[in-house]
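In what follows, a structure is listed as structure tokens, so that the remarks can point back to it.
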Amino acid sequence: MSQNVSPAATPAVETRLVYAHGLAAIVTLLISVAFGILASIELLVPDLAGNPAWLSWGRLRYDHTQGIMLGWLGNAFFAFLYHAVPLLTGRPVTSARLGQWIFGLWNFAVVAPGWVLVLAGFSQPLEWAEFPMVVDVFVVIALALAIIQFLPPFFRRGLEDLYVSSWYVIGGLVFTLLAYPMGNFVPELVPGARGAAFSGLWIHDAVGLFVTPLALAIIYYVIPAATRRPIFSHFLSMLGFWLLFFLYPLNGTHHYIYSVIPMSAQIGAITASALLGVDVIIVVANLLLSLRGSGVFSRDVALRFAAMSTIFYLVVSIQGSVQAQMSVNQAVHFSDWVIGHSHLAMLGFATFAAAGGLAHVWQRIPWARYNARALDWSYWLLFAGVILMVTDLTVAGLVEARLWQSAAPWLDSVRAARPYWLIRTGSAIPIAAGFIALLLGLTTGPKGAGLQSVEQTIGLEPVREIAPRLAPAASEAS
Amino acid sequence: MSRDAGRFLRMSYVVASVAGVAFFVMSVALLGIWPGHVLEDETRTMSPEHPLGLTVSEQRGRVIYGREGCAYCHTQQIRYLHADMARFGSPTLAWETRFDYPHLWGTRRIGPDLAREGSTHSEDWHFAHLYAPRTLMADSVMPAYPSLFDGSPDRPRQEARDLVAYLDSLGRARELAGPEGEAHARTACQCPDDEMAQMAFHATALNANPARPRRQGAAPKLAPAGNLGRGQQLYAHNCASCHGARGEADGPGAAALHPRPANLAGHEYTVDRLGYVLWNGVAGTAMQAWRDLPTQDLAALARAVGGFYVAQQQPTVPVDLLDLGARVYKANCAQCHGDAGAGDGSAVGELRITPADFRGARPSVAESLRALRNGVEGTQMAPWTGRLSEAELSAVAYYVRGFYQERP
């Protein structure tokens, strides 16, 4: 089987595109986080800076989430793909020129203008779809170009016995392109409750078909590459993959439980949400079993990020399954509990995977600076920040839920949330520091220090040897 | 390994890819298209024949609502849950959302649901609230939107007018459909056994917002001896923004309101009147109702409000002055304020804001004279200086104090 991936060919990794997207990821991350911090401060000090329209809470809130999803995660995923796709397929991506176009479109036709337009008052009030429709057009074009860029190597290699990361990459890119219009265009054309049903689909697909598959692609890639052992079970990987693509899209309506949307659709989504928890247990068990005995924490920081991401993934998914259940949902829906949940997903699971992916690929760019100590700091700061923020918001949500169920005046729930919002803003300190450390980790330190650190932690092997290891072991596949 | 099995394994990705696309298509069909059809049917059958859509101005307001992210703090979707219904009213029916391109349901509530915001607050309240929320609601965290105004809440730009017009349209279609509309929807629903659907038809109030003023209505009887400390605390959080720290109608929000908040220090109120006002608000003004406060808290507030009145020695009034006052009142005031000063004169039906009820609220002479000289801005109480002499003004100002009915 392993002759499908020619170990002899040194795959041409476009390291400059890896580097460009990686840096863009962190810059957009810092800007997105700044939007988030400002919005959180405005809940404490609402009349900040004379209330100019472009700094108003709603607009910052739009830019925060769109920046995180498209700017930070999008760029980080692209950076990873430029490294991983050639290694997974033994073939280069379609074209470096095309790569420049995608980079330009993504950052200068999507993220930057999207932000500016939102601040200037051009946006759409749809969740995970706040950039205005002109920008959405460029997202769709860029995604289509990304498919042209990254999928042909898989087809040229042949789809037999693909490693699970490859499946996640293919699935993630194709289905994001299909799902994107559903949340960004359809509700503009289909009114009210009917449109909301489609919004629900996209709210979950954004996480389930874009963020999750690509984050899992990274985790599934980094773990064997850094532990230098095959994944525990390829069968479980593929089972998890298919269940995921079956179940995720069916979750959408769980954002509108007890609404006028037909009950059978709601119940279907609630059931799918519960089953999704089971699927995630399969995926995570497989990943954790692969990590068993590898000495994760003493080793590579990229691996540590990926491992922690796996744990966050488990917790956030189980939480999701629970909060989709009607008895829980009726209380915590609309509260800070859900904000905690989404941060556990995006800041815990996805961001840790993306940071792990970036650290991993950075180590393998021979000319890139790399600062292992800064990355170590980044890991622990982010870890502390996520735990603090998510715990805080979860408790806040429970407090709000209790007040909403009682006869207390509405403002009592706002008053009660204040101390929790203060702590949430406080949690921004370790988180922002962690991200600055991440930036330092990838821009300071000696050139090529990444390879040295790999050598010290897991022992250096030629980069191209990583590829064959990722193909299913011959014994298992036959 | 047999050749067939090998071939199957190699081809399995084809099966898998087809299955993957099928999953996706299935999800769109099951959770998007099919519910869409059901909802479309429901809309068609349950909607009144000509439901009122949005005017052009309201439509523009809707765009502003979208652009400012109001939907990220306010839902527009009352769920089929008793907790939601108790706060906001009847659950949202599909047809009510038929003009919403795109929907603004929202998934987070930092502020309350706005699906039935229409006719909950007065226009001046909305302007002042959008301009500077904390001048009215001291503990609010809602963003201020001064850019919709020309420097003061009294000078709204077209954008602010559009936005307030939109807010006033929320829930209107169902309200206008009225009992006939409800009956029609209920029959069309054909769902007598669907417990959830029935909730929409059996809500105690279409709009249950506890702040919504009522023109008339019962009010709980308040204990005369509320807890003063608690009352003062509640007053500081909820009322001082408008009525001022000492009840002198000089809070930060006062200037923007028409009529201005009542001068609590210039009036004596009966506990019953305070109970009525707190429970029902003053319809047409920015004085909202406070039905979300428990009765003990209302009693505590009443006690605190009562404490603002500075009992002044009102001069004893000669009888002939009172006679003059009575004549002036009968000729000029009774058609609005009523023969017994109850604010129920024959012209009341035409007034947007009910005339003062002197039985439950006794203005000081100075307070009355101010109203008579300047009128009450924002109401149909016009200035009387041109029409009545100084003597007549004073006479009637003394006279109206006589309507007060303090009960032991």
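The values are calculated or read from the model by the stated rules, or taken from the named source; none is laboratory data. Everything numeric here is computed off the predicted structure, so don't read it as measured data. Cβ: placed from backbone, ideal geometry, glycine included. Neighbour counts: every protein chain shown. Surface accessibility is based on the protein's heavy atoms, side chains included, excluding ligands, DNA and RNA. Shrake-Rupley method; radii C 1.70, N 1.55, O 1.52, S 1.80 Å.
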Take region A:185-217 and flag every residue that is open to solvent by 10 Å² or more (accessible area, probe 1.4 Å) and of a type in the set (D, E, K, R). A:Glu188, A:Arg194
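With respect to B:Val400, is the statement that it is among the β-branched types (Val, Ile, Thr), more than 32 Å from the chain's Cα centre (by Cα) and assigned to a helix (DSSP H, G or I) true?
Details: among the β-branched types (Val, Ile, Thr): yes; more than 32 Å from the chain's Cα centre (by Cα): no; assigned to a helix (DSSP H, G or I): yes.
Answer is no for this residue.
For the structure I just gave you, tell me whether A:Ser199 is within 9 Å of another protein chain (Cβ to nearest Cβ) and hydroxyl-bearing (Ser, Thr, Tyr). Step through it out loud before you land on a result.
On the way: within 9 Å of another protein chain (Cβ to nearest Cβ): yes; hydroxyl-bearing (Ser, Thr, Tyr): yes.
So A:Ser199 fits the description; yes.
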Just name the residue that is modelled with the lowest pLDDT out of those in region B:9-24 that are closer than 20 Å to A:Met182 by Cα and within 7 Å of another protein chain (Cβ to nearest Cβ). B:Gly20
Determine, yes or no, whether B:Tyr101 is at pLDDT 85 or above, touching an Asp or Glu at 6+ places or on another chain (Cβ under 7 Å), at the interface with chain A (Cβ under 7 Å from one of its Cβ atoms) and surrounded by fewer than 24 Cβ atoms within 10 Å (Cβ to Cβ). yes
Do we have B:Arg401 as within 23 Å of B:Pro259 (Cα to Cα), of a type in the set (D, E, K, R) and touching a strand residue (DSSP E or B) at 6+ places or on another chain (Cβ under 9 Å) here? yes
Exception for A:Arg373 within (1) of a type outside the set (Ser, Thr, Tyr); (2) over 22 Å from A:Ile436 (Cα atoms); (3) in a helix (DSSP H, G or I); (4) at pLDDT below 95 falls at (2)
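Suppose the filter is in contact (Cβ under 8 Å) with a residue 60 or more places away in the chain, out of contact with any Phe, Trp or Tyr (no Cβ under 6 Å at 6 or more places or on another chain), charged (D, E, K, R) and part of a helix (DSSP H, G or I); does B:Asp297 pass it?
Details: in contact (Cβ under 8 Å) with a residue 60 or more places away in the chain: yes; out of contact with any Phe, Trp or Tyr (no Cβ under 6 Å at 6 or more places or on another chain): yes; charged (D, E, K, R): yes; part of a helix (DSSP H, G or I): yes.
In short, yes.
Given the structure, is B:Gly66 within 30 Å of A:Pro52 (Cα to Cα) and at pLDDT 85 or above? Working first, answer last.
Numbers: within 30 Å of A:Pro52 (Cα to Cα): yes; at pLDDT 85 or above: yes.
So B:Gly66 passes the test.
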Would you check if there is a residue in region A:379-386 being more than 30 Å from A:Ala20 (Cβ to Cβ) and either within 14 Å of chain B (Cβ to nearest Cβ) or part of a helix (DSSP H, G or I) (or both)? yes
B:Leu324 under 24 Å from B:Val365 (Cβ atoms), part of a helix (DSSP H, G or I) and not assigned by TED's automatic domain parsing to the domain that holds B:Leu170: yes
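Within the group B:Asp139, B:Asp154, B:Asp113, B:Asp150, which residue is under 30 Å from B:His50 (Cβ atoms) and not hydroxyl-bearing (Ser, Thr, Tyr)? Spell out the reasoning first.
Values: B:Asp139 fails: under 30 Å from B:His50 (Cβ atoms); B:Asp154 fails: under 30 Å from B:His50 (Cβ atoms); B:Asp150 fails: under 30 Å from B:His50 (Cβ atoms).
Matching residue, one of B:Asp139, B:Asp154, B:Asp113, B:Asp150: B:Asp113.
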Taking A:Val260, is it within 13 Å of chain B (Cβ to nearest Cβ), open to solvent by 10 Å² or more (accessible area, probe 1.4 Å), in contact with a Leu (Cβ under 9 Å, 6 or more places away or on another chain) and in contact (Cβ under 8 Å) with a residue 24 or more places away in the chain? yes
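Filter region B:302-359 down to the residues that are basic (Lys, Arg) and out of contact with any helix residue (DSSP H, G or I) (no Cβ under 6 Å at 6 or more places or on another chain), then identify the one that is farthest from B:Tyr404 (Cα to Cα). It would help to see each step written out before you state the result.
If we filter region B:302-359 for residues that are basic (Lys, Arg), which is where we start, we get B:303, B:327, B:330, B:352, B:359.
Checking the rest, the ones that are also out of contact with any helix residue (DSSP H, G or I) (no Cβ under 6 Å at 6 or more places or on another chain) come to B:327, B:330, B:352.
Numbers: B:Arg327: 18, B:Lys330: 17, B:Arg352: 24 Å.
Only one residue tops the list, namely B:Arg352.
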Return only the number of the condition from (1) surrounded by fewer than 23 Cβ atoms within 10 Å (Cβ to Cβ); (2) under 22 Å from A:Tyr256 (Cα atoms); (3) within 11 Å of another protein chain (Cβ to nearest Cβ) that B:Arg44 does not satisfy. (3)
Of (1) facing another protein chain (nearest Cβ under 7 Å); (2) part of a loop (DSSP other than H, G, I, E, B); (3) touching a residue at least 40 places away in the same chain (Cβ under 8 Å), B:Leu39 satisfies all except one. Which? (2)
Has region A:157-176 got at least one residue that is within 18 Å of A:Met69 (Cα to Cα), open to solvent by 10 Å² or more (accessible area, probe 1.4 Å) and either of a type in the set (A, V, I, L, M) or at pLDDT below 95 (or both)? yes
What residue, of A:Ala407, A:Ala437, is aliphatic (A, V, I, L, M) and within 25 Å of A:Arg16 (Cα to Cα)? A:Ala437
Counted residues in region B:140-198 being open to solvent by less than 20 Å² (accessible area, probe 1.4 Å), in a loop (DSSP other than H, G, I, E, B) and more than 12 Å from every other protein chain (Cβ to nearest Cβ) come to 2
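Can you tell me how many residues in region B:62-78 are facing chain A (nearest Cβ under 7 Å) and either farther than 21 Å from B:Ala208 by Cβ or open to solvent by less than 10 Å² (accessible area, probe 1.4 Å) (or both)?
Step one: of region B:62-78, the residues facing chain A (nearest Cβ under 7 Å) are B:66-72, B:75, B:77.
From the residues that got through so far, the ones that are either farther than 21 Å from B:Ala208 by Cβ or open to solvent by less than 10 Å² (accessible area, probe 1.4 Å) (or both) too are B:66-69, B:71-72, B:75, B:77.
Number of matching residues: 8.
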Residues (surrounded by fewer than 23 Cβ atoms within 10 Å (Cβ to Cβ) and either touching a strand residue (DSSP E or B) at 6+ places or on another chain (Cβ under 8 Å) or not β-branched (Val, Ile, Thr) (or both)) located in region A:109-123: A:Ala109, A:Ala112, A:Pro113, A:Leu117, A:Leu119, A:Ala120, A:Gly121, A:Phe122
In region B:121-139, the residues that are within 12 Å of chain A (Cβ to nearest Cβ) and either free of Cβ contacts under 8 Å to residues at least 12 places away in the same chain or under 16 Å from B:Asn207 (Cβ atoms) (or both): B:Pro133
All positions within region B:17-39 that are surrounded by fewer than 18 Cβ atoms within 10 Å (Cβ to Cβ) and among the aliphatic types (A, V, I, L, M): B:Val18, B:Ala19, B:Val21, B:Ala22, B:Val25, B:Met26, B:Ala29, B:Ile33
Filtered residue count, region A:398-427, keeping only those that are open to solvent by 20 Å² or more (accessible area, probe 1.4 Å), touching a residue at least 40 places away in the same chain (Cβ under 8 Å) and either among the aliphatic types (A, V, I, L, M) or in contact with a Phe, Trp or Tyr (Cβ under 6 Å, 6 or more places away or on another chain) (or both): 2
Of the residues B:Ala115, B:Ala83, which single one is open to solvent by 10 Å² or more (accessible area, probe 1.4 Å) and either more than 8 Å from every other protein chain (Cβ to nearest Cβ) or outside any helix (DSSP H, G or I) (or both)? B:Ala115
Flag if A:Tyr220 is more than 10 Å from chain B (Cβ to nearest Cβ), in contact (Cβ under 8 Å) with a residue 24 or more places away in the chain, buried (at least 24 other Cβ atoms within 10 Å of the Cβ) and farther than 28 Å from A:Asp136 by Cα: yes
